[in-house]
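Written below as structure tokens is the structure these notes are about.
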Amino acid sequence: MKQIAIDRCILRWPTSAARDWTVEFLQRTHRNPNVLSVVAIGSAVREGVQSDDVDVLVLCQCARDFSERAPLEIDLRALDAHGVDSKIKAGHDLLGCAVVFGRTLYDRKETWLHIVERWMNRVPLPNPATARYRSEITRQRMLEMREMGDEDAEIELELAYLSHDARATLAEAGIYPASRPELPRQLTNIGAHGLATQVRRALDAREQLKSQMVC
């Protein structure tokens with residue numbers, strides 16, 4: 001794959017090192033028959049939103065045999081190709097998001113293309129009950145961190161639990177949730193203004209925390 005094609009898929013790189021690693025990784029996949037497909041997802045492939053990392057899904061013959069280690073700013077997740085259809089049907093969040101919003105970086109024998117063709121326009125929405133359960137668990141962890149005085153962890157967990165709430169609300173409205181920075185706009189579009197404001201404030205708080213850490 002040409003590097004220019006990669007940049008058309010991943011619109012923003014957190015660091016030049018992340019880009020260099022991705023280019024080298026994709027070159028290695030040609031020599032690794034275990035890797036079938038590589039798909040970029042998340043805010044880095046979406047136009048008009050902020051992103052500070054790159055989410056990459058790797059579809060493998062055997063995920064346990066996948067041993068690549070990516071830089072911290074790349075969230076690399078490997079899954080077995082076997083059983084993908086049943087996982088998507090059951091509402092697997094990562095695979096569903098990859099089908100709806102993903103950008104293909106590498107595809108051996110059009111493995112991922114055929115999956116997308118089978119599921120595009122019929123990917124099940126995330127399960128709202130599951131999302132709200134995750135939200136409550138995460139909220140409890142946030143309260144624990146607040147009691148311990150760990151403000152940094154509290155900020156991260158607040159954004160996480162509100163994001164789960166947002167995804168549940170959108171799914172109940174028949175909307176597939178996009179990347180995290182896009183959630184406030186999606187919530188506003190369905191009239192969930194209060195939750196949209198909460199998520200936006202949590203995003204701003206996390207951004208401020210990151211800027212303080214850099215300084």
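Only the coordinates and a few stated rules stand behind these numbers; no lab work does. Bear in mind the structure is a predicted one, so any value in this text is a computation, not a measurement.
For Kirkwood radius over Cα pairs in Å, several values are listed as (1) 17.7; (2) 19.3; (3) 18.4; flag the one computed from this structure.
Correct label is (3).
When only Cα pairs under 8 Å and 6 or more residues apart are kept, what is the percent relative contact order across the chain?
17 percent
Report the dimensions of the stretch 128-214 along its three principal axes from the alpha-carbon atoms, largest first, rounded to Å.
38, 26, 19
Per DSSP H run of n ≥ 4, the term is -39500 (n - 2.57); total these for the chain, divide by its residue number, and report the mean residue ellipticity at 222 nm rounded to 500 deg cm²/dmol.
-17000 deg cm²/dmol
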